[in-house]
Amino acid sequence: MKEKISIIIPVHNGQKYIRACVCTCIESVLERNEARLFDLEIIIIDDGSTDKTATICEALKREYHDKAGCSVSILTTEDLGVSASRNSGISLATGNYIAFLDADDRLLPGCLSVLYRIASQSKSNIVGCGFAMWHSEEEYRELSTRPFVIDDIASWARTYDSHEYLDKGILTNDTRCWSKLYRSEIIKDLKFDENLSIGEDMLFLVGAVSKAGTITVTDWQGYAYFQNPDGATLRPFTSKYMDQITCWQLALKEIIKLRPELEPRLVARIITAVILIVGKMAVLPKKERLRYQAEVDRCSQCLAETRQMPEAFKLLPWGYRIKVRAYRVSPRGYMGLYGILKKGIAARRPQ
């Protein structure tokens, strides 16, 4: 029997994106005859959508019902968030492999066959590829027409054990759960933290990597990441941004169980998260910024705690070292000055 890949797609009010997301994924498999390699199960979690997402999803289900080994199933939930949706998808998945795809993103042609080929050859429990960013349909079309040879891509792949990948993957900016294929058995009992809105990808990946044994990756860009102007990371500051600190603090506790020598690098990540969050708060209007005194206090406390590990401070880029020192002297003064500078730079940008 052929193996099956389950793709979990959470969507909330995604009427602008969901059809293209699902269609490009399935049609790529059908057009390239990848269906001869594996069956494909698309699981859409409609997370409390109030637009036409549900209607579009039902039409997709009818359109691709049992088409050449491809199927579409839909679960409708309350507005519980992307982590809860992914957790529901994992519970429903029946594939030998599981992948995560965001509704405004797409898989580029050949992505699944490349990942599946690498997984079959390497026997790794996690296989990952690179990603390309796009902003318009024209840019996506250019990405989707790039030629490639699967065997060449597979030969570029690098394999790591779990301990190596904590260092050479997660701590070198591969913190995303998407653009990867997971053996189902290693993630079936893992959960995304439903209390976090930012950083939950990385924590899930830490848990998966810890169980994986081996991880194989290629830099080939098989995932098309849409730079959504309404995306969470581009929005103004809210208290949810504090999750960036929380997730790295939780990751530190898990990673140092396996690699205690990585603690300075993890603490440096926490410091970096604090400075980025402070920068987000600094550009808020002064009256609005005053509402977040508890968050400012937490940032100050985190930086005070990191004084106990000077090795972490030395790992920071020089610009961050200056920012940390300035913030420690006067949090309020730093944010006031930083906000003025950022607003001045924005005002000078050409419209």
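The values are calculated or read from the model by the stated rules, or taken from the named source; none is laboratory data. Quick caveat: nothing in here was measured; it's all calculated off a predicted structure. Quick reminder, even Gly has a Cβ in these numbers, built from the backbone with ideal geometry, and neighbours come from all protein chains shown. What goes into the accessible areas is simple: the full protein's heavy atoms, side chains included, and nothing from ligands, DNA or RNA. Shrake-Rupley method; radii C 1.70, N 1.55, O 1.52, S 1.80 Å.
General observations
- Any hit, the range 14-29, residues being open to solvent by less than 60 Å² (accessible area, probe 1.4 Å) and in contact with an Asp or Glu (Cβ under 6 Å, 6 or more places away or on another chain): yes
- Boolean, Ser6 is under 19 Å from the mean Cα position of the chain (by Cα) and either within 26 Å of Arg176 (Cα to Cα) or assigned to a strand (DSSP E or B) (or both): yes
- Filtering the range 134-147 to residues that are part of a helix (DSSP H, G or I) and of a type outside the set (Asp, Glu) leaves Tyr140, Arg141, Leu143, Ser144.
- From the options Ala84, Ala68, Ala54, Ala103, residue that is within 15 Å of Ser28 (Cβ to Cβ) and either open to solvent by 30 Å² or more (accessible area, probe 1.4 Å) or under 18 Å from the mean Cα position of the chain (by Cα) (or both): Ala68
- Where strands (runs of 3 or more DSSP E) fall entirely within the range 148-266, none has at least 3 residues that are within 18 Å of the chain's Cα centre (by Cα) and surrounded by fewer than 18 Cβ atoms within 10 Å (Cβ to Cβ).
- Single residue of Ala304, Ala273 found to be open to solvent by less than 90 Å² (accessible area, probe 1.4 Å), within 26 Å of Thr172 (Cα to Cα), in a helix (DSSP H, G or I) and at pLDDT below 95: Ala304
- Condition check for Phe131: out of contact with any helix residue (DSSP H, G or I) (no Cβ under 8 Å at 6 or more places or on another chain), modelled with pLDDT of 95 or more and outside any helix (DSSP H, G or I): yes
- Of all residues in the range 95-118, those satisfying the criterion of being of a type in the set (D, E, K, R) and in contact with a Phe, Trp or Tyr (Cβ under 9 Å, 6 or more places away or on another chain) are Asp102, Asp104, Asp105, Arg106.
- Residues considered: Asp46, Asp105, Asp51, Asp66. Of these, the only one that is modelled with pLDDT under 95 and not basic (Lys, Arg) is Asp66.
- Number of positions in the range 9-42 that are at positive phi and more than 22 Å from the chain's Cα centre (by Cα): 1
- For the range 107-147, filtered to residues that are within 18 Å of the chain's Cα centre (by Cα) and open to solvent by 20 Å² or more (accessible area, probe 1.4 Å), the residue that is farthest from Ser184 (Cα to Cα) is His135.
- Of all positions in the range 287-300, none carries a residue that is in contact (Cβ under 8 Å) with a residue 40 or more places away in the chain, of a type in the set (Gly, Ala, Ser), open to solvent by 50 Å² or more (accessible area, probe 1.4 Å) and in a helix (DSSP H, G or I).
- Screening the candidates Ala326, Ala273, Ala304, Ala268 for the property of being of a type outside the set (Val, Ile, Thr) and over 19 Å from Thr246 (Cβ atoms) yields one hit, Ala326.
- Residues of the range 307-333 that are within 18 Å of Gln249 (Cα to Cα), open to solvent by 40 Å² or more (accessible area, probe 1.4 Å) and assigned to a helix (DSSP H, G or I): Pro310, Glu311.
- Val283 being surrounded by 14 or more Cβ atoms within 10 Å (Cβ to Cβ) and farther than 29 Å from Val82 by Cα: no
- Close pairs from the range 324-341: first within 16 Å of Leu284 (Cβ to Cβ), partner among the basic types (Lys, Arg) and open to solvent by 100 Å² or more (accessible area, probe 1.4 Å), Cβ under 9 Å, at least 6 apart: Gly336/Lys286; Gly339/Lys286
- Among the candidates Glu164, Glu137, residue that is closer than 17 Å to Asp105 by Cβ and acidic (Asp, Glu): Glu137
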